[in-house]
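Please read the structure below before turning to the comments.
The values are calculated or read from the model by the stated rules, or taken from the named source; none is laboratory data. In this text the structure is predicted, and so the values were computed from the model without any measurement. Positions of Cβ are backbone-derived with ideal geometry, glycine not excepted, and every protein chain shown enters the neighbour counts. The protein model used for the area step is the full one, side chains on, heavy atoms only, and it has no ligands, DNA or RNA in it. Shrake-Rupley method; radii C 1.70, N 1.55, O 1.52, S 1.80 Å.
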Amino acid sequence: MIADFSMKPNFPWEDKPAGSDALLWRYSKNPIIKRDQAKAANSIFNSAVVQYKNGFAGVFRVDDTNRRMNIRSGFSDDGINWKISDEPIRFINETDDLIESEYKYDPRVVFIDDRYWITWCNGYHGPTIGIGYTYDFKSFYQIENAFVPFNRNGVLFPRKINGKFCMLNRPSDNGHTPFGDIFFSESPDMVYWGKHRFVMSPGYSPWQSLKIGAGPCPIETSEGWLIIYHGVLLSCNGYVYSFGAALTDLEKPWKVIKRSSSYLLSPQQLYECVGDVQNVVFPVAALNEKESGRIAIYYGCADTVVGLCFGYVEQILEWLKHNN
Ligand code: BMA
């Protein structure tokens, strides 16, 4: 199967407001997904979307009214108005033993070679990285977990590098981990992961001083991989999640070339500051229109709803040169 990633007339987009010098600007009708727009949903946030056929498909984090964390599929014609399933995804087991899943959250989706790969934080005696795939967002198959616990924010690169699948990930602990570096791992087959390499630590500037984690799948540019990642500040009022960007080497993606010292977006709007978890913007997916360089970033807001913001890859790369 070949996915068609050419320019789409329905690419979700809104021009930058006149007079604004923001690098990323929010959609004026944010949040695009309300907390209860699927059956029995307490909150819908930290969700991944991709181009699919003539429209868009996604995997959504839906915490239900039992406060169980799970993921559901969804479809949209315009990337903004979404129909999200009333039921969690039921994976068909592709392993020898059924992998238990006490919970699933924070999915990422990326098309590689012939199918859409899904990673998520999978509860298996603690959080680790679950992996599955789909061809049509109707039937889903689960394979092995990538790692033993504890790990979060497993984010695949959109193509093999030197013949290997590649993943950013963040070793963690069993709770609301008060630390976290980003690492790189590779695999010949999506099952066996190794050759782990350190990428970067928190602490570069205050907004990212406690922990960091990869966000959307990396974006390939002529200058390197553009990595959008979240960073956490510990304030007297708890964690504050913002996001920034880094550029890494195309062949050795663990080698950081540039990294932003300021954030790109921080929680400032009411729907980002108030919700089940206050003060969180958590980027999870970026649609990228190669020809124009436009990107549309989907991010979780206050662990409650989904927001959308826009920018240009070129402008972020340029900004990184001066904000490094
Ligand atoms: C992280 C994850 C995210 C969440 C964030 C803020 O540890 O649980 O899903 O958005 O905390 O609560």
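How about segment 65-172: which trypsin sites (Lys or Arg not before Pro) there are in a DSSP loop, with at most 11 other Cβ atoms within 10 Å of their Cβ? Don't skip to the answer; put the middle values down first.
Numbers: sites: ARG67, ARG68, ARG72, LYS83, ARG90, LYS104, ARG108, ARG115, LYS138, ARG152, ARG159, LYS160, LYS164; in loops: ARG67, ARG68, ARG90, LYS138, ARG159, LYS160.
Answer by residue number: ARG67, ARG90, LYS138.
Can you work out the accessible area per residue across segment 109-207, with the rest of the protein chains kept in place, probe 1.4 Å, in square angstrom?
Averaged over the residues of segment 109-207, the accessible area is 38 Å².
For an R0 of 45 angstrom, estimate the FRET efficiency from the Cβ-Cβ distance between LEU270 and ASP96 and round to the nearest 0.05.
Details: r = 49 Å, r/R0 = 1.08.
Between LEU270 and ASP96 the formula returns 0.40.
Residues of segment 61-102: accessible area per residue at 1.4 Å, in Å²? Show your work: numbers first, answer last.
Details: 2600 Å² over 42 residues.
Counting only protein heavy atoms, the per-residue value for segment 61-102 is 62 Å².
From Cα pairs below 8 angstrom and at least 6 apart in sequence, can you work out the relative contact order of segment 11-133, rounded to a whole percent?
Relative contact order here is 18 percent.
Mind checking segment 84-141 for GluC sites (Glu not before Pro) that DSSP puts in a loop (not H, G, I, E or B) and that have at most 12 other Cβ atoms within 10 Å?
Answer in residue order: GLU100, GLU102.
Which is the longest stretch in the chain that no exposed loop site breaks, taking sites as chymotrypsin sites (Phe, Trp or Tyr not before Pro) with a DSSP loop state and at most 12 other Cβ atoms within 10 Å?
With chymotrypsin sites (Phe, Trp or Tyr not before Pro) excluded where exposed in loops, the chain gives 1-134 as its longest stretch.
When a/c is below 1.5 the answer is rounded, else prolate if a/b is larger than b/c, else oblate, so apply that to segment 173-324 with a ≥ b ≥ c taken from the square roots of the Cα gyration tensor eigenvalues.
oblate
For segment 178-324, give the percent of accessible area contributed by carbon and sulfur heavy atoms, probe 1.4 Å, rounded to a whole number.
Answer for segment 178-324 is 54 percent, counting heavy atoms of protein chains only.
Can you figure out the FRET efficiency of ASP113 with THR65, using R₀ = 56 Å and their beta-carbon distance, to the nearest 0.05?
Efficiency at R0 = 56 Å is approximately 0.90.
Between ALA286, PHE165, PHE243, whose Cα lies farthest towards the positive end of the dipole of the chain when Lys and Arg beta carbons carry +1 and Asp and Glu beta carbons carry -1, centred on the Cα centre?
PHE243
Name the aspartates and glutamates eligible as straight-distance cross-link partners of LYS8: C-alpha to C-alpha under 13 Å, and not fewer than 8 places from it in the same chain.
ASP77, ASP78, GLU289, GLU291
Please identify every one of the GluC sites (Glu not before Pro) in segment 204-303 that sits in a loop by DSSP and has no more than 14 other beta carbons within 10 Å of its own beta carbon.
Those that pass, being in a loop and sparsely packed, are GLU251, GLU291.
Tell me, what is the per residue accessible area of segment 225-311 in Å², probe radius 1.4 Å?
Dividing the accessible area of segment 225-311 by its residue count gives 32 Å².
Let me know the shape class of the chain, please: from the alpha-carbon gyration tensor, a ≥ b ≥ c as square roots of the eigenvalues, rounded when a/c is under 1.5, otherwise prolate if a/b is greater than b/c, or oblate.
Details: a/c = 1.17, a/b = 1.11, b/c = 1.06.
Cα axes put the chain in the rounded bin.
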